[in-house]
Each structure stands twice: as structure tokens, then as C-alpha cells.
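Below: the structure, in C-alpha cells.
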Amino acid sequence: MAGNSEPLSPRAKLAVTAGRAAAAVSRAAGRGSGSVIGGRVALKLDPDLLAALATHLDVVLVSATNGKTTTTRLLAEALRAAGPVVSNALGANMPAGITSALAGGSDARYGVIEVDEKYLAGVARDVNPKAIALLNLSRDQLDRAAETRMLAEKWREGLAGTEAIVIANADDPLITWAASSCPTVVWVAAGQEWKDDAWSCPSCGGVLQRPSEDWFCGKCGFRRPMPTWALSGDHVIDPYGAAWPIHLQLPGRANKSNATVSAAAAAAFGVDPKVALERMYAVQAVAGRYDVVSFLGRDVRLLLAKNPAGWLETFSLIDGPPAPVILSVNARGADGTDTSWLWDVDYTRLAGHPIFVIGDRKLDLAVRLEVAGLQFRVCQDADEAVRSAPAGRIEAIANYTAFQDLRRRVGN
């Protein structure tokens with residue numbers, strides 16, 4: 001947990017200074033924010049720097065397959081009601097990026113840190129968090145992150161016995177299994193739209209039964225825990241049964257789920273649900289996601305969807321037909337090089353939309369859409385797609401690096 005602020009050691013100070021210099025050089029060279037290279041340089045000089053930077057902070061870690069960047073942003077806004085916050089708001093969520101973020105938080109009281117799923121247990125050991133929020137687990141970047149059951153087991157083993165308060169989604173069996181090794185868990189009924197990675201029991205491998213919103217394993221008895229917080233329509237239900245309205249500028253059921261977990265996590269730091277949820281309304285976009293930009297005389301809404309679960313949630317919030325849709329998919333290192341996940345996405349939900357396909361792997365996506373029986377047009381780039389789209393706001397859905405390419409092209 002956070003303690004009294006202690007001055008950094010000379011070695012740590014040198015590492016921070018060198019990291020900032022490396023980041024500045026990276027920015028000057030047009031290589032991005034420089035947070036990752038700055039963090040790498042700093043950690044090379046002082047491998048214990050992350051722990052040192054977190055000693056004066058009350059830290060909450062946020063991890064999941066989907067929604068962790070948005071939840072981190074919502075939770076950071078909520079905790080600002082209680083004091084200054086430092087956060088890796090732009091999503092640099094591996095140790096180097098986290099180190100860079102915390103290096104700028106010497107005056108902060110709270111650290112709200114998004115953590116890549118693969119690094120959660122290690123970062124938790126380093127920063128000794130007060131709370132950890134676990135949202136969901138589903139297939140994503142299988143060439144890097146491995147199978148979801150294996151990842152849940154790594155969390156379960158790595159977080160076993162943690163002193164942190166764990167805020168966990170009781171509706172996701174994999175999250176429940178991972179969090180069940182932790183002594184103090186706040187269970188949240190945050191929902192689970194995508195269930196294709198959660199039909200077998202993570203404890204014994206048996207088939208999970210799903211009557212109504214409940215779930216349980218008839219073989220070993222592993223079952224959904226009783227939640228104390230819940231998302232109910234447009235309200236968060238707290239442990240005392242009070243219903244607090246959710247008013248967000250961010251669209252979709254998934255973001256209401258993110259707000260519910262954020263409210264429960266903020267309560268662990270003493271922030272009232274009413275105050276937390278009111279502050280979340282200020283969040284209009286998250287690292288460009290949900291932004292509506294003007295490009296070539298057209299309104300384009302930028303939406304990120306990195307994996308089957310994310311695409312399912314995104315399809316639920318776009319404008320209905322005949323709104324034009326641009327789909328863009330890459331398969332670079334940050335995306336995962338395996339595009340077989342395209343076949344797990346139900347693209348028939350786009351029936352009736354004029355569809356325009358771009359990105360490095362546009363032909364892979366075109367084959368998938370052809371099999372789905374959809375009408376679409378393959379375009380060379382975003383310019384051609386926007387010029388070809390019929391009237392109406394354009395919904396542009398892209399995976400990670402394709403989303404970054406799109407943001408750069410439309411000038412946002």
C-alpha cells in the first residue's frame with residue numbers, strides 16, 4: 001500500500017532523467033509519445049524503479065481483454081474527487097509504459113494503472129496495489145497471450161494471497177476463477193455479452209450451466225458468486241441496494257459495465273458512488289475512441305474493436321442501417337499476427353449496411369464477409385472508402401494498429 005513519500009535514490013533519479021531524455025528524443029523524431037522507449041531506458045538503469053515510483057501512491061490496477069483503457073479513464077476521473085491522480089491514460093500498459101506514467105506522478109495521491117493481461121501479476125508484485133479491477137477474459141492475440149484458461153490460471157496463481165481488494169466481474173467464469181484465490185474480493189454483476197470463451201468450467205473442464213443470468217458447473221459445483229454491486233439497466237446498484245443513475249457520454253452497454261466496475265473500485269478508496277458516476281460524465285472519448293471527426297467533408301466516428309468480444313459489443317452501438325460502415329484490420333505485432341479470429345465474429349449483424357473494407361489484411365476480411373453473404377467493397381485506403389460511402393455518419397471500426405492508422409489519416 002502507499003506509504004509516506006520517500007525521496008528517490010540517486011540511481012532512480014538518474015533513471016528517471018535518462019528516461020525522460022529518451023522520450024523527448026523519440027517525440028522530436030516523430031516516433032510517438034516516447035513513453036515506451038523512455039520507460040525501457042529507465043528500467044534498464046534501475047530495474048526496481050517501478051516499485052520506487054509507486055511507494056507514495058494508493059494504486060489501483062485495471063486489467064481485462066476488453067475495456068481496460070476506458071475503465072482506467074473512468075476510474076481516474078472518479079478518484080480525482082479525492083485527490084490528484086497519475087495514470088497511463090493513453091494505454092501504454094506494459095512495465096515500460098507504466099514506469100513512464102508513474103515518473104510524472106510525484107505530486108499524485110492515487111495511481112490508476114491499466115495493465116496488459118500478460119504482465120498483471122508481475123506489476124502487482126512491484127507496485128503493491130490497494131485494489132485490482134478485473135473485468136473480463138476472452139480470446140485475443142492467441143499467438144502472444146495464449147489460451148484464456150491458461151491466462152486465468154496465471155492470474156489465479158500470481159494474485160493468490162494478495163493484500164489488494166480485488167473488484168471482479170462475477171458474470172465472467174474465467175474472472176471468477178482467477179479472483180477466487182484472493183482473500184478480499186468485491187463481486188460485481190457487470191454482465192458478459194460474449195460467452196464463447198466461457199462454456200466450460202475453468203476449475204474442472206465440465207460444461208457450465210447457464211440458467212438465466214446465473215452460471216454453475218454441475219460437475220464440481222463451481223458457480224457464480226453472489227455480487228454486492230450490479231449493473232441494472234441504466235443504474236448501478238450498490239451493496240446497500242441504492243440505485244445510482246449512470247449518465248455517460250460514451251455509448252453502449254459495455255461502457256455502463258465499465259462504469260459499474262469503476263464505481264465499485266472508487267468506493268474502495270472512499271469515493272461515494274454518486275460522486276464517482278457524476279464525474280465519469282466528463283469523459284467524452286478515450287484515446288480517440290468514440291471521437292467523431294470531420295474528414296473529406298464527412299462525419300466519421302472512430303471505434304476500436306480488437307477481438308471477437310470487442311466486435312460484438314461494437315456492433316451493438318453503431319447507427320442502424322443504412323449507415324455506412326468502414327472496417328479495417330491489420331495483423332502487425334501489436335494486433336497479433338493470427339487473423340483466424342475473424343471467423344469467430346458474427347459479421348451478419350452488419351446486414352443492410354453499406355460496407356467498405358480497408359487495412360493490411362483487407363483481403364482476409366473480404367473473404368470472411370463473402371462467406372457471411374454480405375455486400376461490401378474493398379478499397380485501397382480510408383480516402384477511397386470515405387469518398388465511396390453513401391450519405392450519413394460513417395461508422396469506422398478498426399483493430400488496434402488499424403485504428404491508429406485511421407486516427408493519423410483523418411488528422412485526429
Testing the spin-label approximation: label points 7 Å from Cα along Cα→Cβ at residue 107 and residue 274. State their distance in nm.
3.1 nm
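Note the full-extension length gain between residue 377 and residue 48 as 0.36 nm times their separation in residues minus their Cα-Cα distance, in nm to one decimal. Walk me through the numbers before you get to the answer.
Working: separation 329, 0.36 × 329 = 118.44 nm, distance 5.17 nm.
113.3 nm is the gain from fully extending residue 377 to residue 48.
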Pick out, from 174, 218, 108, the residue whose Cα sits farthest towards the positive end of the charge dipole of the chain, with +1 on the Cβ of Lys and Arg and -1 on the Cβ of Asp and Glu.
108
Using a 7 Å offset from the Cα along the Cα-to-Cβ direction at both residue 409 and residue 253, what is the distance between the two label points in nm, to one decimal?
3.2 nm
Excluding same-chain residues fewer than 8 positions from residue 44, which lysines have a Cα within less than 28 Å of its Cα?
13, 68, 118, 130, 154
Cβ neighbours within 10 Å, averaged per peptide: list 166-172, 342-348 in order, most packed at the top.
166-172, 342-348
For region 13-163, give the magnitude of the charge dipole about the Cα centre (Cβ charges: +1 Lys/Arg, -1 Asp/Glu; no others), in debye to the nearest 20.
360 debye
Rounded to the nearest 0.05, what FRET efficiency is calculated for residue 367 and residue 298 with R0 set to 30 Å and r the Cβ-Cβ distance?
0.65
Can you pull the accessible area of residue 400 for me, 1.4 Å probe, Å² to the nearest 10?
80 Å²
If r is the Cβ-Cβ distance from residue 343 to residue 235 and R0 is 60 Å, what FRET efficiency results, to the nearest 0.05?
0.95
Once you order the gyration tensor axes a ≥ b ≥ c over the Cα atoms, which shape class does region 102-212 get: rounded for a/c under 1.5, otherwise prolate or oblate by comparing a/b with b/c?
prolate
Please list 124-136, 207-219 highest first by mean number of surrounding beta-carbon atoms within 10 Å per residue.
124-136, 207-219
Under 1.5 on a/c is rounded, so check that first for region 46-280, then, if it is not, pick prolate when a/b is larger than b/c and oblate when it is not; a ≥ b ≥ c are the square roots of the alpha carbon gyration tensor eigenvalues.
oblate
Please give the FRET efficiency for residue 29 paired with residue 153, using the beta carbon to beta carbon distance and R0 = 60 Å, rounded to the nearest 0.05.
0.90
Using the charge dipole of the chain (Lys, Arg: +1 at Cβ; Asp, Glu: -1 at Cβ; taken about the Cα centre), state which of 358, 260, 136 has its Cα farthest towards the positive end.
358
So for each of 290-297, 189-196 I average, over its residues, the number of other beta carbons within 10 Å; can you give me the resulting order with the highest mean first?
189-196, 290-297
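The values are calculated or read from the model by the stated rules, or taken from the named source; none is laboratory data. These figures come from a predicted structure and were not determined experimentally. Here Cβ is always computed from backbone atoms with ideal geometry, including for glycine, and neighbour counts include all displayed protein chains. Please note that ligands, DNA and RNA were not included when accessible areas were found on the heavy atoms of the full protein model with its side chains. Shrake-Rupley method; radii C 1.70, N 1.55, O 1.52, S 1.80 Å.
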